[in-house]
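Q: Below you'll find the structure I mean.
The values are calculated or read from the model by the stated rules, or taken from the named source; none is laboratory data. The model shown is predicted, which means the values in this text are computed figures rather than measured ones. All Cβ positions, glycine included, derive from the backbone under ideal geometry; neighbour counts span all protein chains shown. These accessible areas exclude ligands, DNA and RNA; they are computed on the full protein's heavy atoms, side chains included. Shrake-Rupley method; radii C 1.70, N 1.55, O 1.52, S 1.80 Å.
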Amino acid sequence: MTTPLRTQVAIVGAGPAGLLLSHLLAGAGIDSIVVDQRSREEIETTIRAGILEQGTVDLLAEIPGSRVHSVGTRHDGIELRFDGHGHRIDFPGLVGRSVWLYPQHEALKDLIAARLAAGQDLRFGITIDEVLDADSSRPGVVGVDATGAPVEIEADFVVGADGSRSNVRVAVTGSHTGGYFREYPFAWFGILCEAAPSADELIYSNSPDGFALISQRSKTVQRMYFQCDPEADPDALSDSEIWDTLKRRVPGTTLTEGPIIKRDVLRFRSFVAHELRRGRVAIVGDAAHTVPPTGAKGMNLAVADVILLARALDSLLNHGDESLIDGWADRARQRIWKAQHFSWWMTSMLHTVPEATEFDRLRQLGELRSVVESEAGRTYLAEAYTGWPLASAG
Ligand code: PHB
């Protein structure tokens, strides 16, 4: 038997949700231990999306040493392209807010450095297998470290921020999968290439041949995606076939080409766990929900979950007041389902389903036109993409 570690909040997962939660809790004088199965290097080098809502950026910018404003770039709009024409959605003009492109692994480097500098107990290479005593006032987690030695943490509250394959979810929902699901009949073929940006802003393009997204990473590296079969093999296409597909999918735009340095296939799923909390155990971020990437909501939704949760844990652990934690899941779910709807809507409006009829295709163009040609339509998109105000979620 090992001597259990003891803390107020045991946080499983050192992704954006877990690290940000530890930061917010520390600000409220609450101790936490953060553990993650992965190494620090793996966390800091895994390439993920990077569109941050204004509210997410404002929070990250307060973290000592944050590079979000220096390395990240502000985007004041996106282009929706269909039927051979581009239509700009002007975020500040419509809703007075913007988004920032700041790759998630850069945000994670900032967060890890800041938490370690602040004395956070943050441990890598620890796999948590099980949650103990979820219904008691002393829950805990057990697992193993990188050498196979047992680890146990006793806490006042356990938070699962352990991603879409969450082990903590089992203690909350009763199973690994317990939730509302939607699968999509397509995936994204993604590339990273060494080239200058093709345009100032992201281009979301609907074409008869399928969807494509021209995104960015930096002045010299770009991220691009095109809709593909979920079973596609990322190595089956030559570089020139990839460029031909992208060019066909974004007609009317000249893409800046360059060497392809990475390729992958991203499957799409929508998921919301049936339960987000059981007793003194909660799940947040990808452990609680998954959205398809079209709406760029993933990390932002995780941040919204933990802002609310940090407030609820402050009330519970500092003031013995259970009302916020009792209402937390319902409040978090309101934003989660709005983001689910937006992500599903952007996805279904922009992609071509394999069995689409001519009616479906023409209806889809009618839908796109009704968004871009109406200020109300553009405003709905801009409001959701830049993020509903966090104050109304909290
Ligand atoms: C990305 O840059 O990876 C990205 C950007 C916008 C999205 C999805 C992914 O909607």
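Q: Of the numbered conditions (1) open to solvent by 40 Å² or more (accessible area, probe 1.4 Å); (2) farther than 30 Å from Arg361 by Cβ; (3) in contact with a Phe, Trp or Tyr (Cβ under 8 Å, 6 or more places away or on another chain), Glu79 satisfies every one except a single condition; which is it?
A: (2)
Q: Tell me the residue from Gly140, Gly163 that is within 24 Å of Gly55 (Cα to Cα), small (Gly, Ala, Ser) and either crowded, with 18+ Cβ neighbours inside 10 Å or without any contact (Cβ under 8 Å) to a residue 60 or more places away in the chain (or both), please.
A: Residue meeting the stated conditions: Gly163.
Q: Tell me, which residue of segment 39-58 that is more than 18 Å from the chain's Cα centre (by Cα) and in contact (Cβ under 8 Å) with a residue 12 or more places away in the chain is most open to solvent (accessible area, probe 1.4 Å)?
A: By that ranking, first place goes to Arg40.
Q: Pairs only if they're at least six apart or on different chains, beta carbon under 8 angstrom, first in segment 1-23 and within 17 Å of Gly160 (Cβ to Cβ), second among the aromatic types (Phe, Trp, Tyr) and open to solvent by 10 Å² or more (accessible area, probe 1.4 Å); list them, first residue then second.
A: Between residues of segment 1-23 that are within 17 Å of Gly160 (Cβ to Cβ) and residues that are among the aromatic types (Phe, Trp, Tyr) and open to solvent by 10 Å² or more (accessible area, probe 1.4 Å), the close pairs are Ala14/Phe124.
Q: Can you find a residue that is assigned to a loop (DSSP other than H, G, I, E, B) and away from the ligand (no atom under 16 Å from the Cβ) anywhere in segment 43-55? Don't jump to the end; show me each part of the working.
A: At the first step, the residues of segment 43-55 found to be assigned to a loop (DSSP other than H, G, I, E, B) are 46-50.
Those left that are additionally away from the ligand (no atom under 16 Å from the Cβ): none.
The answer is no; no qualifying residue exists.
Q: Another question, then. Can you tell me which residue among Val353, Val291 is under 16 Å from Ala17 (Cα atoms) and of a type outside the set (Lys, Arg)?
A: Val291
Q: Something else: Just give me the residues in segment 373-394 being surrounded by 12 or more Cβ atoms within 10 Å (Cβ to Cβ) and either without any contact (Cβ under 8 Å) to a residue 12 or more places away in the chain or in contact with a Leu (Cβ under 6 Å, 6 or more places away or on another chain) (or both), in sequence order. Spell out the reasoning first.
A: Here is the first cut: in segment 373-394, the residues surrounded by 12 or more Cβ atoms within 10 Å (Cβ to Cβ) are 377-390, 393-394.
Of everything in segment 373-394, those that are surrounded by 12 or more Cβ atoms within 10 Å (Cβ to Cβ) and either without any contact (Cβ under 8 Å) to a residue 12 or more places away in the chain or in contact with a Leu (Cβ under 6 Å, 6 or more places away or on another chain) (or both) turn out to be Gly377, Arg378, Thr379, Tyr380, Ala382, Gly394.
Q: Continuing with the same structure: Return only the number of the condition from (1) within 27 Å of Val353 (Cβ to Cβ); (2) buried (at least 23 other Cβ atoms within 10 Å of the Cβ); (3) more than 13 Å from the ligand (Cβ to nearest atom) that Ala302 does not satisfy.
A: (1)
Q: Which of (1) more than 16 Å from the ligand (Cβ to nearest atom); (2) crowded, with 16+ Cβ neighbours inside 10 Å; (3) basic (Lys, Arg) is the odd one out, the single condition Arg248 does not satisfy?
A: Only one criterion in (1) more than 16 Å from the ligand (Cβ to nearest atom); (2) crowded, with 16+ Cβ neighbours inside 10 Å; (3) basic (Lys, Arg) is unmet by Arg248, namely (2).
Q: Any residue at all in segment 267-275 that is crowded, with 22+ Cβ neighbours inside 10 Å, outside any strand (DSSP E or B) and in contact with a helix residue (DSSP H, G or I) (Cβ under 8 Å, 6 or more places away or on another chain)?
A: No; the residues of segment 267-275 include none that is crowded, with 22+ Cβ neighbours inside 10 Å, outside any strand (DSSP E or B) and in contact with a helix residue (DSSP H, G or I) (Cβ under 8 Å, 6 or more places away or on another chain).
Q: Sticking with this one: Inside segment 282-306, can you point out the residues that are among the aliphatic types (A, V, I, L, M) and part of a helix (DSSP H, G or I)?
A: Answer for segment 282-306, where residues must be among the aliphatic types (A, V, I, L, M) and part of a helix (DSSP H, G or I): Ala287, Met299, Leu301, Ala302, Val303, Ala304, Val306.
Q: Follow-up question, since we're still on this one. Residues in segment 271-281: is at least one touching a strand residue (DSSP E or B) at 6+ places or on another chain (Cβ under 6 Å), within 16 Å of the ligand (Cβ to nearest atom) and assigned by TED's automatic domain parsing to the domain that holds Ile11?
A: Checked segment 271-281: no residue is touching a strand residue (DSSP E or B) at 6+ places or on another chain (Cβ under 6 Å), within 16 Å of the ligand (Cβ to nearest atom) and assigned by TED's automatic domain parsing to the domain that holds Ile11.
Q: If a residue must be assigned to a helix (DSSP H, G or I) and either surrounded by fewer than 20 Cβ atoms within 10 Å (Cβ to Cβ) or of a type in the set (D, E, K, R) (or both), how many such residues does segment 82-94 contain?
A: Result for segment 82-94: 3.
Q: For Gly210, indicate whether it is away from the ligand (no atom under 14 Å from the Cβ), modelled with pLDDT under 95 and either open to solvent by 40 Å² or more (accessible area, probe 1.4 Å) or more than 18 Å from Leu101 (Cβ to Cβ) (or both). Spell out how you get there, then give the answer.
A: Details: away from the ligand (no atom under 14 Å from the Cβ): yes; modelled with pLDDT under 95: no; either open to solvent by 40 Å² or more (accessible area, probe 1.4 Å) or more than 18 Å from Leu101 (Cβ to Cβ) (or both): yes.
Judged against the criteria, Gly210 is not a match.
Q: For Arg97, are the conditions met, namely being open to solvent by 30 Å² or more (accessible area, probe 1.4 Å), outside any strand (DSSP E or B) and of a type outside the set (Ser, Thr, Tyr)? Outline the logic, then answer.
A: Values: open to solvent by 30 Å² or more (accessible area, probe 1.4 Å): yes; outside any strand (DSSP E or B): yes; of a type outside the set (Ser, Thr, Tyr): yes.
So Arg97 passes the test.
The rows are residues; the columns are (1) among the charged types (D, E, K, R); (2) more than 23 Å from Asp305 (Cβ to Cβ).
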site	(1), (2)
Arg6	yes, yes
Asp31	yes, no
Val34	no, no
Glu44	yes, no
Leu52	no, no
Ser66	no, no
Leu80	no, yes
Tyr102	no, no
